[in-house]
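Report on the structure given below.
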Amino acid sequence: MDTELPEVLWITRFFFTHGFLTAAKQNYARKYGIAIDLLGYDFEVLPESAEDPKMPEDGMNVTGMYMEGCKWDTENMVLAESDPKILYTDCPMFWFKPIKTVDIP
């Protein structure tokens, strides 16, 4: 039986997403001996060229999210206006990185 986390987590498949994100922060807090109340998330958008991303040492790669009223410009790595008559678009893959809230840029 496979007991390891996959390299990419499809976050919309979780019934209680908030609980999963809290558990990931708790794992980080235990690993580094930091109070979980001091942690938040920073994120990094992974380029589409990262077809086979590796599981990061800290945090997780997340896919399956959607944006409303905008789209992701992969060329410039920024949000852009959505195309006409398109309300929802797929988000790119994110690397959610646990970090102390005072250190979030």
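No lab work stands behind these numbers, since they all come straight from the coordinates. Everything numeric here is computed off the predicted structure, so don't read it as measured data. Methodologically, a virtual Cβ is constructed for each residue, glycine included, from the backbone with ideal geometry; neighbour enumeration extends over all protein chains shown.
Using only alpha carbon pairs under 8 Å that are at least six residues apart, calculate the relative contact order of the range 64-105 and give it in whole percent.
On the way: 47 pairs, mean separation 16.9, N = 42.
For the range 64-105, the relative contact order is 40 percent.
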Sticking to Cα atoms, compute the Rg of the range 58-105 to one decimal and its Dmax as the biggest Cα-Cα distance, whole number, in Å. 13.4, 40
Rounded to the nearest Å, what's the spacing between the alpha carbon centres of the range 65-105 and the range 19-59? Just the number, please. 17 Å
Could you work out the local net charge near PRO56, counting Lys and Arg as +1, Asp and Glu as -1, over the other residues with Cβ closer than 13 Å to its Cβ? -2
How large is the charge dipole for the chain, taken about the Cα centre, if only the Cβ atoms of Lys, Arg (+1) and Asp, Glu (-1) carry charge, to the nearest 20 debye? 520 debye
Around LEU39, what is the net charge, scoring Lys/Arg as +1 and Asp/Glu as -1 over all other residues with Cβ under 13 Å from its Cβ? +1
Give, as a single signed number, the net charge of other residues whose beta carbon lies under 12 Å from the beta carbon of PRO98, with Lys and Arg counted +1 and Asp and Glu -1. +1
Give or take rounding to whole Å, what are the principal axis extents of the alpha carbon atoms in the chain, in descending order? 48, 40, 27
Identify, among ILE104, ALA23, VAL8, the residue whose Cα sits farthest towards the positive end of the charge dipole of the chain, taking +1 on the Cβ of Lys and Arg and -1 on the Cβ of Asp and Glu, with the dipole about the Cα centre. ALA23
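From the P(r) of the range 33-74, could you give the percentage of C-alpha pairs in the tail past 15 Å?
61 percent
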Computed over the Cα atoms of the range 1-41, what is the ratio Rg over Rh, Rh following Kirkwood? 1.02
With the charge dipole of the range 33-105 built from beta-carbon charges (+1 for Lys and Arg, -1 for Asp and Glu) about the Cα centre, the Cα from THR63, VAL78, ILE34 projecting farthest to the positive end belongs to ILE34
Compute the helix-to-body angle for 17-32: its Cα long axis versus the longest principal axis of the chain, expressed 0 to 90° and rounded to tens. 50 degrees
